[in-house]
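Have a look at the structure below before the remarks.
Bear in mind that the values in this text are calculations on the coordinates, not laboratory data. Everything quoted here is computed from the prediction, not taken from an experiment. Here the Cβ is made from the backbone with ideal geometry for all residues, glycine too, and neighbour counts use every protein chain on show.
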Amino acid sequence: MNNDQVEGRIDTAKGKVKKAVGKAVGNKKLEKEGVDESAHGKARAKFGDVMNVIEK
């Protein structure tokens with residue numbers, strides 16, 4: 001696993017937590033931030049996956 005894969009998966013997890021907390025407390029801004037961070041994390045992890053294949 002490369003750095004982009006790890007960081008992307010961490011960002012995805014943090015985003016999911018933010019989304020859940022935002023939804024639980026009724027904070028739409030926090031919920032939106034969670035969705036955005038999760039999407040960014042998924043994209044970064046996918047980039048890392050591609051780079052990992054290219055490096056092999």
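Using a Gaussian network model of the chain in which every pair of alpha carbons under 10 angstrom is joined by a spring, one finds that among A13, A45, A24 the greatest mean-square fluctuation is at A24. One chain, two ends: E55 and D36. Fully extended at 0.36 nm per residue, the span grows by 4.0 nm beyond their Cα-Cα distance. The alpha-carbon of K42 sits under 16 angstrom from the alpha-carbons of these aspartates and glutamates, leaving out residues fewer than 8 places away in its chain: D4, E7, D11, E33.
Since only G22, V50, H40 are under comparison, the one whose Cα sits farthest along the positive direction of the charge dipole of the chain, derived from C-beta charges on Lys, Arg, Asp and Glu, is G22. Net length available on complete extension from F47 to V21 is 6.6 nm, with 0.36 nm assigned per residue and the Cα-Cα distance removed.
For the chain, the longest principal axis of the C-alpha atoms and the axis of helix 28-55 are separated by about 10°. Relative to the longest principal axis of the Cα atoms of the chain, the long axis of helix 3-25 lies at roughly 10 degrees. When only Cα pairs below 8 angstrom with a gap of at least 6 residues are kept, the chain shows a relative contact order of 48 percent.
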